[in-house]
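Report on the following structure.
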Amino acid sequence: MSTRIETYEQYKAAYEASVNNPEAFWAGVADQFSWRRKWDKVLEWNFTEPMVKWFANARLNITENCLDRHLAKRGSQPAIIWEPNGVDEPGRVMTYAELHSEVCRFASVLRSNGVQKGDRVCIYMGMVPELAVAMMACARIGAIHSVIFGGFSAQSIADRLQDAGARFIITCDGAYRGGKDIPLKNTVDDALQTSGGVERVIVFQRTHTAVSMIKGRDVWWHEEMAKVIDSGVTEAEEMEAEDPLFILYTSGSTGKPKGVVHTTAGYMVYATYSFENVFQPKEGEVHFCTADIGWITGHSYIVYGVLCAGGTSLMYEGIPTWPDAGRFWEIVDKYKVGILYTAPTAIRSLMAFGTDPLQGKDLSSLRVLGTVGEPINEEAWNWYNEHVGKRRCPIVDTWFQTENGGILISNLAGVTPSKTSYATLPLPGIQPILVDEQGKEITGNDVSGNLCIKFPWPSVIRTTWGDHERCRQNYFATYPGYYFTGDGCYRDSDGMYRITGRVDDVLNVSGHRIGTAELENAINMHTGVLESAVVGYPHDLKGQGIYAYVIMDSMPDDEPHTRADIAQTVARVIGSIAKPDKIQFVPGLPKTRSGKIMRRILRKIAEGELQQLGDVSTLLDPSVVEIIKDGRL
Ligand code: PRX
């Protein structure tokens with residue numbers, strides 16, 4: 001598309017234009033897409049309610065932008081290349097024409113199963129192309145999808161189904177991930193024991209394991225697809241720009257995960273614009289984003305952004321270390337990957353195997369490397385640069401959040417300067433500011449503060465599903481007038497941004513976002529637990545580890561056993577990604593006289609900074625601090 005920025009000068013000009021006249025700027029970007037009807041007004045907004053509307057009254061369908069409009073020029077170009085978990089199984093390639101046909105057919109299946117515009121459809125699948133097909137089939141008929149990461153538990157699925165009011169769920173019999181077969185359908189069945197309201201379960205057959213199919217409720221994907229006689233074009237529903245496209249649940253500092261709502265036009269425009277400019281893809285180049293589609297990175301940079309831009313998206317079913325630590329490099333070599341986009345935690349886990357797994361793999365096709373999900377430490381950045389990129393590939397350190405829809409702060413590959421462990425500069429349209437605890441803007445350079453954004457961009461969160469007040473409280477109330485990210489940030493003397501991590505009670509474990517309140521709720525459900533407090537601590541591989549302080553009704557006789565049981569409860573309630581790394585049994589927690597847990601002290605102890613606990617004299621019972629210090633794991 002012609003809104004591609006190719007030089008640093010062009011970046012500066014685009015940035016300035018986007019700030020001086022945002023409406024004209026975004027109208028120019030949006031002009032590149034295919035609309036049934038154009039907008040009446042580019043932007044209406046206030047960050048108080050909040051209310052944000054982009055491209056109001058425009059009409060479109062995102063799948064016509066991802067698929068139909070590419071058919072003439074790119075019908076036979078690969079849209080999705082799929083690499084299975086197992087090395088002996090052949091991969092699959094779906095051209096734009098094939099993907100279009102699959103999406104149309106499955107859209108027809110959804111319609112014949114009763115799915116209507118505006119219905120919520122949960123998707124709990126492994127990383128197979130049919131997951132992308134299912135998402136786009138929903139979008140084709142105007143249903144709102146909500147993808148649930150395959151590592152979440154039955155309870156988490158039930159919570160999401162209920163919150164979204166979903167009557168439909170699409171799943172697989174099972175999923176292959178590394179050496180494991182994950183029983184997805186069984187987990188869905190467990191979820192449906194506690195959550196009513198689901199009328200139809202559509203099951204894609206992947207592992208051919210035995211599953212129970214409930215009469216009248218469960219149907220097979222392949223059987224339903226076979227019933228579609230006319231595999232031609234399923235007419236795309238004409239959507240209003242602000243109609244919800246999807247809900248994606250994410251953790252916050254309080255309560256259960258909330259459903260972040262993204263809408264059709266703004267999300268499409270920003271996901272595509274950011275993909276094009278950050279990664280600078282070339283025609284026909286293979287883009288390999290290693291994220292799971294269950295996260296926002298997968299939504300935007302495996303599916304929507306890449307396909308809207310007419311790119312080729314490589315989707316990998318497995319994990320980086322299966323069957324060995326050379327797998328990513330083998331995939332890069334096999335498919336001549338041009339852009340590799342992964343997470344610091346994956347780089348660190350591969351780094352631990354040294355450079356042997358890289359030997360004999362031709363990585364010369366690589367042109368751009370990307371990282372996302374957590375701050376990248378210098379060691380990992382250097383290893384990625386030196387051993388993977390051979391010092392000739394720009395590394396884009398891309399910062400964003402589920403609530404943002406697309407990358408907000410990052411260098412543009414080969415176009416704007418990069419700096420180790422800095423996300424660097426905002427994309428055009430993004431106006432970051434740093435504020436102090438009182439919400440006062442911190443101006444100038446070489447300063448640190450809480451990161452806020454002061455102007456809307458097209459894919460900013462619109463609401464949290466079913467609870468707009470929660471959206472306001474979480475993001476727009478802490479610092480009135482601004483969107484608050486929850487991240488701390490340093491702006492260096494050149495005005496470059498370095499994200500330093502969450503300043504709220506949200507942990508980032510292997511790039512997975514988990515709330516401490518959720519973790520504590522899960523731990524407290526375990527028999528015998530009276531109270532708990534969870535904090536993060538630096539972890540070599542995961543970035544952050546989970547440290548839980550737990551008060552039991554009586555000290556356990558067999559501590560390791562009780563620890564394992566508690567971890568199991570957390571896995572059951574949330575999912576195995578949330579298992580605590582350390583559980584320390586304590587007789588009490590450091591609390592103020594008003595009963596508030598002093599997490600600052602617990603964090604310092606978990607980090608091993610025992611000398612810097614600060615003033616503990618205001619605690620209800622200061623002696624408990626000494627006991628906790630002594631028992632530190
Ligand atoms: O703390 C930031 C961290 O991940 C959080 C967002 O998590 P989630 O909504 O799950 O989205 C992750 C993928 C976009 C942020 O608040 N984060 C994300 N990217 C970076 C990062 N921290 C530092 N550098 C990044 N590049």
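Tell me, please, whether a residue that is surrounded by 15 or more Cβ atoms within 10 Å (Cβ to Cβ), more than 19 Å from the chain's Cα centre (by Cα) and under 16 Å from Leu60 (Cβ atoms) can be found in the range 242-256. Working first, answer last.
Initial filter on the range 242-256 (surrounded by 15 or more Cβ atoms within 10 Å (Cβ to Cβ)): 242-254, 256.
Subset that is more than 19 Å from the chain's Cα centre (by Cα): 242-243.
Applying the additional criterion that residues be under 16 Å from Leu60 (Cβ atoms) yields 242-243.
The answer is yes; a qualifying residue exists.
May I ask you to verify whether Leu340 is within 16 Å of the ligand (Cβ to nearest atom), assigned to a strand (DSSP E or B) and not basic (Lys, Arg)?
Yes.
Consider Trp457 against the criteria (1) away from the ligand (no atom under 12 Å from the Cβ); (2) within 29 Å of Asp292 (Cβ to Cβ); (3) outside any loop (DSSP other than H, G, I, E, B): it satisfies all of them except one. Which criterion is unmet?
Trp457 satisfies all of (1) away from the ligand (no atom under 12 Å from the Cβ); (2) within 29 Å of Asp292 (Cβ to Cβ); (3) outside any loop (DSSP other than H, G, I, E, B) except (3).
Given Lys180, Lys185, which one is of a type in the set (Lys, Arg), without any contact (Cβ under 8 Å) to a residue 40 or more places away in the chain, over 18 Å from Gly114 (Cβ atoms) and surrounded by fewer than 18 Cβ atoms within 10 Å (Cβ to Cβ)?
Lys180
Of these, Ile627, Ile605, which one is more than 30 Å from Ala154 (Cα to Cα), surrounded by fewer than 20 Cβ atoms within 10 Å (Cβ to Cβ) and either in contact with a Leu (Cβ under 8 Å, 6 or more places away or on another chain) or in contact (Cβ under 8 Å) with a residue 24 or more places away in the chain (or both)? Reasoning before the result, please.
On the way: Ile605 fails: surrounded by fewer than 20 Cβ atoms within 10 Å (Cβ to Cβ).
Just one listed residue meets the conditions, Ile627.
Tally time: how many residues in the range 564-586 are assigned to a loop (DSSP other than H, G, I, E, B) and surrounded by 18 or more Cβ atoms within 10 Å (Cβ to Cβ)?
Number of matching residues: 4.
Residues of the range 477-498 being more than 17 Å from the chain's Cα centre (by Cα) and buried (at least 20 other Cβ atoms within 10 Å of the Cβ), which ones?
If the condition is that a residue be more than 17 Å from the chain's Cα centre (by Cα) and buried (at least 20 other Cβ atoms within 10 Å of the Cβ), then Tyr479, Tyr482, Tyr483, Phe484, Cys489, Arg491, Tyr497, Arg498 are the ones that fit.
How many residues does the range 38-65 contain that are in contact (Cβ under 8 Å) with a residue 60 or more places away in the chain and either in a strand (DSSP E or B) or within 15 Å of Asp243 (Cα to Cα) (or both)?
Kept after step one, since they are in contact (Cβ under 8 Å) with a residue 60 or more places away in the chain, are these residues of the range 38-65: 39, 43, 45, 47-50, 52-65.
Next, from what is left, pick out any that are either in a strand (DSSP E or B) or within 15 Å of Asp243 (Cα to Cα) (or both): 39, 43, 45, 52-63.
Here the count works out to 15.
Just checking, how many residues over the range 235-286 are part of a loop (DSSP other than H, G, I, E, B), within 16 Å of the ligand (Cβ to nearest atom) and touching a strand residue (DSSP E or B) at 6+ places or on another chain (Cβ under 6 Å)?
Result for the range 235-286: 4.
Looking only at the range 400-422, count how many residues are more than 14 Å from Arg491 (Cα to Cα), within 13 Å of the ligand (Cβ to nearest atom) and in contact with a helix residue (DSSP H, G or I) (Cβ under 6 Å, 6 or more places away or on another chain).
4
Just give me the residues in the range 210-234 being acidic (Asp, Glu) and assigned to a strand (DSSP E or B), in sequence order.
Matches in the range 210-234: Asp218 only.
Go through (1) assigned to a loop (DSSP other than H, G, I, E, B); (2) near the ligand (Cβ under 10 Å from one of its atoms); (3) under 17 Å from Thr290 (Cβ atoms) for Asp397 and report which single condition fails.
It fails just one condition, (1).
Scanning the range 423-437 for residues that are crowded, with 21+ Cβ neighbours inside 10 Å and either more than 20 Å from the chain's Cα centre (by Cα) or near the ligand (Cβ under 9 Å from one of its atoms) (or both), which turns out nearest to Lys258 (Cα to Cα)?
The residue in question is Pro432.
When the range 23-37 is examined, which residues are found to be in a loop (DSSP other than H, G, I, E, B) and hydrophobic (A, V, I, L, M, F, W, C)?
Passing the criteria: Phe33, Trp35.
Could you tell me which residue of the range 507-519 is farthest from Asp292 (Cα to Cα), considering only residues that are in a strand (DSSP E or B) and within 9 Å of the ligand (Cβ to nearest atom)?
It comes out as Asn508.
Residues of the range 291-322 being assigned to a loop (DSSP other than H, G, I, E, B), in contact with a helix residue (DSSP H, G or I) (Cβ under 9 Å, 6 or more places away or on another chain) and either at pLDDT below 95 or away from the ligand (no atom under 12 Å from the Cβ) (or both), which ones?
Listed by number, the residues that qualify are Ile293, Ala309, Gly310, Gly311, Gly318, Ile319, Pro320, Thr321.
Provide a single number: the residues in the range 347-379 that are under 26 Å from Thr485 (Cβ atoms) and touching a helix residue (DSSP H, G or I) at 6+ places or on another chain (Cβ under 8 Å).
Final tally of qualifying residues: 13.
Only one residue in Asp494, Asp504 is within 14 Å of the ligand (Cβ to nearest atom) and not in a strand (DSSP E or B). Which one?
Asp504
Being part of a loop (DSSP other than H, G, I, E, B) and of a type in the set (D, E, K, R) narrows it down to one residue among Glu130, Glu89; which is it? It would help to see each step written out before you state the result.
Details: Glu130 fails: part of a loop (DSSP other than H, G, I, E, B).
That would be Glu89, the only listed residue that is part of a loop (DSSP other than H, G, I, E, B) and of a type in the set (D, E, K, R).
The values are calculated or read from the model by the stated rules, or taken from the named source; none is laboratory data. Not measured: the values here are computed from a predicted model. Ideal geometry is used to build each Cβ from the backbone, glycine not excepted, and the neighbour counts take in all protein chains shown.
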